[in-house]
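The values are calculated or read from the model by the stated rules, or taken from the named source; none is laboratory data. Bear in mind the structure is a predicted one, so any value in this text is a computation, not a measurement. Here Cβ is always computed from backbone atoms with ideal geometry, including for glycine, and neighbour counts include all displayed protein chains. These accessible areas exclude ligands, DNA and RNA; they are computed on the full protein's heavy atoms, side chains included. Shrake-Rupley method; radii C 1.70, N 1.55, O 1.52, S 1.80 Å.
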Amino acid sequence: MSVANHSADTFEAIVIGAGVAGLAAARTLAEAGRRVALLEARDRVGGRIHTVQAIQGDLPVELGAEFIHGLPEELIDLVDEAGLTRFELDGDSRCVDPGRGTGRLEPCGDQHEVHKLFDELGHTQLSPDKRDLSFSEFLSRLKDQRKVGPEAAVWATNYVEGFNAADADRISIRALEKQQAAEDAISADRLFRVVEGYARVPEYLLWRFREAGGELFRSMAVRSVAWEPGQVEVATETGRVLMARSAILTLPLGILQARRVAFSPQPVEILKAADSLVMGAAARVVYEFDSTFWKQFVSLKGVSFFFAPEATPPTWWTTSPKPGSTLTGWIAGRKTKRLEMDLLPETGLETLSFMLGSTLHEVRRHLLRWHMHDWQTDPYSLGAYTYVPRGAIDASDQLSQPVAQTLFFAGEHTDTSGHWGTVHGALRSGYRAARQLLAQP
C-alpha cells in the first residue's frame, strides 16, 4: 500500500522517542548530514531519566535512572564529553536481620555464598542447546545439591528481583549469566552518579542534535506508523503527519506490548519478540530531610546501602560519600505487585523509623518533602525496565534487526550485549540503530 501524503512534513529520517536511545540515534544521524525529526510524547527529553532539583544540598533528586553501572565506555565518554562530573559511591552496607526481629541496622552477615553464586554465573559457558531455567528453579537445584543455604538463597532472590525489577519465578538464568558476564567486563559492581543530575546527559545530546540541524517536536505522541519499504508516514495525536524514508522507534517495551502505536502493516516478528520479554516493575520514594538527623540513632556515615528484605521498601541508599540529607527507598519485582503506591511514602517513613530505632513522629519532624514517580502507570513508559524471562534469550537480538531496511528499533529492551535495563544499554542501542540506518543506500 502507498503511504504517500503530500501535505505531510518530509524528512530523511524520523526518530520516535527522545530518551537516551532516541537522542543518541538522532544526534548521530543529524551529524551525518541527515535531515531528522525527533518526536517526543513528553514535554521534556530524557524518557525514564527524570531529575528534579533538591531543596538543599549539592545533589539533585533522581526519580528515574540514577546510577552509572560500572565503566561502560560509551556512557563514560559521553558524560566526559558533556563536561559533567561523576563520583563513585563509596561506603559499606548495613542489613536488618529478619531472624532477630529487632529491625535495627547492623553490619551485614557473611555474603560469601551469594557473591560466589553470582561470580559463577558470570563465568558459565553458554551453549545453544542448554536448557533455560528460571532463577527460582536454578536456586532450587543448588539447594537440593547443598551448594546454597536457605539464607543465601533468600538474599540472592532479593538481589535478583530488586536489581532486575523481576520475578524470580520468571527471569531467565541464561539471561542472568549473560548479564553477569557483561557486568564483569565493565566492573559494574562500581556505581557512579552525575553530580549535576542525570538529566544533563540527555540534555547535552539534545543540544548536539540541534546544533547539527535536527528538529525536536515535544508533546507530540505518535498515534500510528504506516510504512512500506523505503517510506514511512507517522501520524501524531495532535494531527500532525510526518514522512521519511525510514524511522527509528525507541518506544519503551511497555508501549510496544500495549500496542499504543498502531502499525500498518504490523511488523509481526518484532511485536512477537517484544511480547516475549517482560517490562519489570519498580518504585522508589526519595525523602528530603532538613539534616542527617539519623546519626543520633544509628551511624550511617560511610554507608551507601542498607537492606531490610522483609520491609517496604526493602532497599535504601544514601548519597555517600557526598554529604547529603536525602534517603531513597527502592522496591522492585514481585514485591511491587503487592504495593499500594499511594501508601508508599507513609509506609517508607514507618520502615525508616523502625530501622533507625526512632519514632515516626521524630522522622516526620525532619521531613522537608518526598518525591515519587509511578513508572508503571506513566502513559509513556508503562513500566520500569526490561528483563528476559525463561526461554526468551534471543528476543532482543530479534528486536535489533531492521524491518525491510525501513523500520529500526532501539531502546534498552533491544540491547544485545546483556545490559538490559541500563542507560548504557539504551545508549548503545541508539548508536547501533543509527549505524544500521546509515548503512542503507
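Odds and ends about this structure:
- Across the range 81-96, the qualifying residues are those that are under 15 Å from K301 (Cα atoms) and over 20 Å from the mean Cα position of the chain (by Cα), and the one among them that is surrounded by the fewest Cβ atoms within 10 Å (Cβ to Cβ) is D90.
- Residue in the range 306-327 that is polar (S, T, N, Q), within 28 Å of D415 (Cβ to Cβ) and either surrounded by fewer than 17 Cβ atoms within 10 Å (Cβ to Cβ) or touching a strand residue (DSSP E or B) at 6+ places or on another chain (Cβ under 6 Å) (or both) present: yes
- Checking L300, L271 one by one, the residue that is part of a loop (DSSP other than H, G, I, E, B) and either in contact (Cβ under 8 Å) with a residue 60 or more places away in the chain or open to solvent by less than 50 Å² (accessible area, probe 1.4 Å) (or both) is L300 and no other.
- The range 228-248 - residue that is touching an Asp or Glu at 6+ places or on another chain (Cβ under 9 Å) and of a type outside the set (G, A, S) and, of those, farthest from E12 (Cα to Cα): R240
- Cross-chain or 6+ apart pairs with Cβ under 6 Å, the range 340-368 first and without any contact (Cβ under 8 Å) to a residue 12 or more places away in the chain, then surrounded by 18 or more Cβ atoms within 10 Å (Cβ to Cβ) and of a type outside the set (G, A, S): S353/V363
- Flag for D43 being touching a Ser or Thr at 6+ places or on another chain (Cβ under 8 Å), farther than 30 Å from A152 by Cβ and open to solvent by 20 Å² or more (accessible area, probe 1.4 Å): yes
- Taken over the range 162-183, the criterion of being among the small types (G, A, S) and open to solvent by 30 Å² or more (accessible area, probe 1.4 Å) is satisfied by A181 alone.
- Of the residues making up the range 350-375, those that are more than 21 Å from I55 (Cα to Cα), open to solvent by less than 50 Å² (accessible area, probe 1.4 Å) and assigned to a loop (DSSP other than H, G, I, E, B) number 4.
- Note on the range 401-414: residues that are assigned to a loop (DSSP other than H, G, I, E, B) and open to solvent by 10 Å² or more (accessible area, probe 1.4 Å) amount to 4.
- Residues of the range 1-21 classified as modelled with pLDDT under 95 and either open to solvent by 80 Å² or more (accessible area, probe 1.4 Å) or touching a His at 6+ places or on another chain (Cβ under 7 Å) (or both), total: 4
This table checks each residue for (1) assigned to a strand (DSSP E or B); (2) on the phi < 0 side of the Ramachandran plot; (3) open to solvent by 10 Å² or more (accessible area, probe 1.4 Å); (4) of a type outside the set (D, E, K, R).
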residue: R223; (1), (2), (3), (4): yes, yes, yes, no
residue: W227; (1), (2), (3), (4): yes, yes, yes, yes
residue: V234; (1), (2), (3), (4): yes, yes, no, yes
residue: G254; (1), (2), (3), (4): no, yes, no, yes
residue: R260; (1), (2), (3), (4): no, yes, yes, no
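- Pick from the range 423-440, criterion charged (D, E, K, R) and open to solvent by 50 Å² or more (accessible area, probe 1.4 Å), ranking: nearest to L71 (Cα to Cα): R428
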